Structures are given as C-alpha cells and as structure tokens.
Amino acid sequence: MQSRKIAVPAGLGERRGFVMPVVIFGLVLMSAVAVAALMTAGDELTSSQAMRDGSMAFYAAEAGLNEVYAIWAGIDSSISLLDPGETKTLDWRDVASGGKYQATVVRWDTGGSSQPMFTLTVEGRGRGILAGRRLLSYSLTALPAEIGYGYNLGGCCRAAVTMRGTAEVEESAGVSGFDEDPADWGAACPDTVNNKPGIIIKDEGELDFDTGGYAEGAPAPVLEDPTLNDDDFDNFGGLTWEDLKDMADVVLGDHPSEQELHDFKGYGPTLTAEGECDTSNPKNFGSPDPAHPCFDYFPIVLVVNEVHVYDDLYMQGIFVLDWDESAPYGMKGTEFDLEEQSVFNGVLLGKGCIEIEDSANFHGAAFIDGYYRNEAVCMGDKDFAMNNGTATTKWSQCAVDRAIFNSGLGDWADVEEPAPPARPILIGSRAFGEGR
C-alpha cells in the first residue's frame, strides 16, 4: 500500500504546547487572588477584633471615670485627703462588661485657701492578645469636704447659740437648732441634716423665756455646759483670739467705749470693672444669690463699736465682736444688733452681746462670751436677746461651713468625726491617648 503524507499548515507547529502555560498561569493567578482574599479576610478579622478591643478599652476607661467620680471616697478615702502636688494611683479594677481600668488622681492646686483642684486620669484596657488601651481624664474641683457635715472653730459651733452670760427670748421670737439652709442657697448646700441644740449656755438659770419666746433643737432645745471658760473664747482651733482679729478683712468702727452707731448706707455686693466680686470694697458683705460673683465672698469682719443692722440689709461672713480691756467704764464688749428685716448668714463670735429683733433672720451660729474674765461685758444688757417681733436665730450647718471655708479659716477648723469626703465637681473631660 502506498503511504500518504498529510500536509501541516504553516505556523501550526509553533503553537504546539501553548495551552498548558496559559492554564498554569491562570491557576497561579487564581491562587494569588484566593490567597489575597484570605489575607484580606484575616486582616478584616484582626481589624474587627482590634476595634472591638479598642472600644472595650474606651468603655472600660469611661466606666472607670464615672465610677471613681460617683463614689469618690468609696474606692479609696485617701484621694479626698491628698495634699497639693500629691498623686494617688488606685489598683486595677475589672469592668463587668469586659476590660479593666486603673485610675490616677493628682491634686494640683496650691493649697491654703485656694480651691482644691484635681486631675483624674483613667487608663482602660480591653482583653485578649490585641487588648487596646485608652486614656481619658476629668478635671475636677471639689466642694470642701466640710460643707454640711459639721466643722467647728474651737468651741464654735455646737449649737445655734453657744454662750456664757445672760439670755432672753421673748414675744414670738425663737431659737432653733434644727438644721435649715438659708433661703435661695439651693444646690450650694447638700441634702444632709445635722441638727444641734438651740442654745448651749453655761448657766441655764440665766436664760429667760417670756411671752411666747421659744427654743427648739436636738438632742434638747437647751443644754447647760458649766465648763465654758475664757479659754474657749481665746482659742479657735489653731487660732488665738489675736490671730483671728489680725485676719480681719474689714474693721467696723473705732472703739467700743465710744458707743458710735455704724452707718450702713451704701452697703451691698459690688463688682470690679471686670465683673468680678470686689473684695477690696469694705462695704461689700457678699450676696445671697448663687448666681452672683459675690456669693462665695465671706469676709472676716472685726466689729469694734456698737452696730445696728437695719433697712433690710444682707450680710454674710465671720463677724468678730471685739473686747476692749482698757475701757475705763461702760461696755467693754461690742454689741451687734440685727433689726427690721435684715438677714445675716454665717458666724457671730466674740466677747460682747447680740440682739436679734423685729423680723430679722439669722442663719448660722453665735458663739458669745458675756462674762469674759469674770466681768459682765455688756453693762447689764442681756448678752443674747431676741425680742420685739418674730425674729429667728436658726442653726445652719451649711451657713457655718460656707462661712468658715470661704473666709479662709478652713485650715483651722475641727471636724466632727467621722470626717466626710470631699464632693467632686466636674469641670471638663478629655480623651488624649490610645494604643496597645
């Protein structure tokens, strides 16, 4: 049989083996796409987990801020007692929803009578190998720990009126030891109640009630304290009588023996050109309005002559009634009269006598010695008298505490045990750090 030759078209031989490389290349390309997709999915999983852990860290930090802020001393009571410049770092605490936090508190004010200032910084962490880290902080100030809880200057203030000498309450006037905040002070006072006796007097036999006059308080309206002596009226915590007088912001009058009546015309809260409370004005005795710049101004006022406050005047502060041992005759102590519908919030103390009459209202505490050095300092007048109307003297822990601490006397105050914590007040917050 004769064989036949098949002719191959030109170029077909050169394409032999072309399909295999194309298939291999396609497989490689598809593998690369698959690997890239798997890597992307892994990255997204890791990123998702990191975001979750980061959120957990943020919420742990936020929870820590809120917890420490809400129970400032419940976590560690020492944070309320930090001195300026001190730092307190608390232990790590777990958060119920996951994560943990650690809080650090720094007190950075200058101390003394300056407002306490704190920075509360919290580091929050998530959980797992990709645990995130977030840092948040609050800037805080604090109402004095003492507001509303019972702080005294030496023997003052254990009742609405604590005194040595003679006292009279008549007509419809009254003395109350049941704790009451001054009108309109609102949120400046806490919700605590710290009741006291109405009157503590050395000799109860020298106290008279007449024609409807009354006293009330707890544990009793009137208590007798035969231990009251000169030393109680010469020392106020770490301050002596002379120290206290030297700290006076304002001096009223010249000399008690001259018996001059002080003129209070033009007195009232005043502001500087910048709208701040003008504490340099001797006619400025603060404001009862929490929105006024002078609401926290409580001057220490040394009273060295007879003072009659009338014309519905408002006053607040620490008023110190002076004593003039050299007076050759007459009244050696200062007399302070609150008359008509005038209002005084704060502390009256010293060696003299007080009269509250008409519809006048006194919130705070009086601490008066009418028998200093065994001498009747008020010439036969009652050392404490309430008469001629519906005048009231009412114990107010808030008024006493705000007067003590806003006047700068807080460093010498004695606390009734147990000492309460300061109450933090939020100024601002910020987030300033993150990482792993």
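Is it true that some residue in the stretch 137-157 is over 30 Å from PHE118 (Cα atoms), open to solvent by 60 Å² or more (accessible area, probe 1.4 Å) and modelled with pLDDT under 90? No, there is no match, as no residue in the stretch 137-157 is over 30 Å from PHE118 (Cα atoms), open to solvent by 60 Å² or more (accessible area, probe 1.4 Å) and modelled with pLDDT under 90. Take THR162 and decide whether it is in a strand (DSSP E or B) and of a type outside the set (Asp, Glu). In short, yes.
Of all the residues in the stretch 313-340, those that are open to solvent by 10 Å² or more (accessible area, probe 1.4 Å), in contact with a helix residue (DSSP H, G or I) (Cβ under 8 Å, 6 or more places away or on another chain) and either at pLDDT 95 or above or at positive phi (or both) number 1.
In the stretch 202-212, of all residues being out of contact with any Gly (no Cβ under 8 Å at 6 or more places or on another chain) and not polar (S, T, N, Q), the one that is least open to solvent (accessible area, probe 1.4 Å) corresponds to LEU207. Looking across LYS394, LYS351, one residue alone is of a type outside the set (Phe, Trp, Tyr), under 19 Å from ASP203 (Cα atoms), in contact with a strand residue (DSSP E or B) (Cβ under 9 Å, 6 or more places away or on another chain) and surrounded by 20 or more Cβ atoms within 10 Å (Cβ to Cβ). It is LYS351. Given the criteria part of a loop (DSSP other than H, G, I, E, B), open to solvent by less than 50 Å² (accessible area, probe 1.4 Å) and over 22 Å from ASN388 (Cβ atoms), does ASN194 qualify? Taking the combined requirement at face value, the residue satisfies it. Looking at the stretch 283-312 only, could you name the residues that are in a strand (DSSP E or B) and modelled with pLDDT under 90? Once the filter is applied, which keeps residues that are in a strand (DSSP E or B) and modelled with pLDDT under 90, the stretch 283-312 yields VAL303, VAL307, HIS308, VAL309. Report, ordered by the first and then the second residue, all pairs with beta carbons closer than 6 Å, sequence separation of six or more or different chains, a first member in the stretch 334-357 that is outside any loop (DSSP other than H, G, I, E, B), and a second member that is of a type in the set (Phe, Trp, Tyr) and modelled with pLDDT under 90. Correct list of pairs: ILE354/PHE336. Taken residue by residue, the stretch 408-422 has at least one member that is at pLDDT 80 or above, within 25 Å of ALA187 (Cβ to Cβ) and in contact with a Pro (Cβ under 7 Å, 6 or more places away or on another chain).
Of everything in the stretch 103-134 that is in a strand (DSSP E or B) and within 12 Å of MET56 (Cα to Cα), the residue that is modelled with the lowest pLDDT is ARG133. Would you mind stating whether LEU228 is part of a loop (DSSP other than H, G, I, E, B) and either among the β-branched types (Val, Ile, Thr) or under 26 Å from ASP322 (Cβ atoms) (or both)? Spelling it out, LEU228 is indeed part of a loop (DSSP other than H, G, I, E, B) and either among the β-branched types (Val, Ile, Thr) or under 26 Å from ASP322 (Cβ atoms) (or both).
Among the residues here, ASP181 does not qualify as farther than 30 Å from VAL304 by Cβ, modelled with pLDDT under 90, part of a loop (DSSP other than H, G, I, E, B) and open to solvent by 60 Å² or more (accessible area, probe 1.4 Å).
The residue list ALA188, ALA173, ALA215 contains one member that is modelled with pLDDT under 90 and open to solvent by less than 30 Å² (accessible area, probe 1.4 Å), which is ALA188.
Residue-wise test of (1) open to solvent by less than 70 Å² (accessible area, probe 1.4 Å); (2) touching an Asp or Glu at 6+ places or on another chain (Cβ under 7 Å).
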{"residue": "VAL222", "(1), (2)": "yes, yes"}
{"residue": "GLU242", "(1), (2)": "no, no"}
{"residue": "VAL251", "(1), (2)": "no, no"}
{"residue": "GLY275", "(1), (2)": "yes, no"}
{"residue": "ASN284", "(1), (2)": "yes, yes"}
{"residue": "ASP311", "(1), (2)": "no, yes"}
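Does PRO219 meet the test of being under 20 Å from TRP395 (Cα atoms) and assigned to a loop (DSSP other than H, G, I, E, B)? So PRO219 fits the description; yes.
Of the conditions (1) farther than 17 Å from PHE362 by Cα; (2) outside any strand (DSSP E or B); (3) over 28 Å from the mean Cα position of the chain (by Cα), PHE209 satisfies every one except a single condition; which number is it? Result: PHE209 passes all but (2).
The values are calculated or read from the model by the stated rules, or taken from the named source; none is laboratory data. Computed from a predicted structure; not experimentally measured. Cβ atoms come from the backbone with ideal geometry, glycine included; neighbour counts cover every protein chain shown. Side chains included, ligands, DNA and RNA excluded: accessible areas come from the protein's heavy atoms. Shrake-Rupley method; radii C 1.70, N 1.55, O 1.52, S 1.80 Å.
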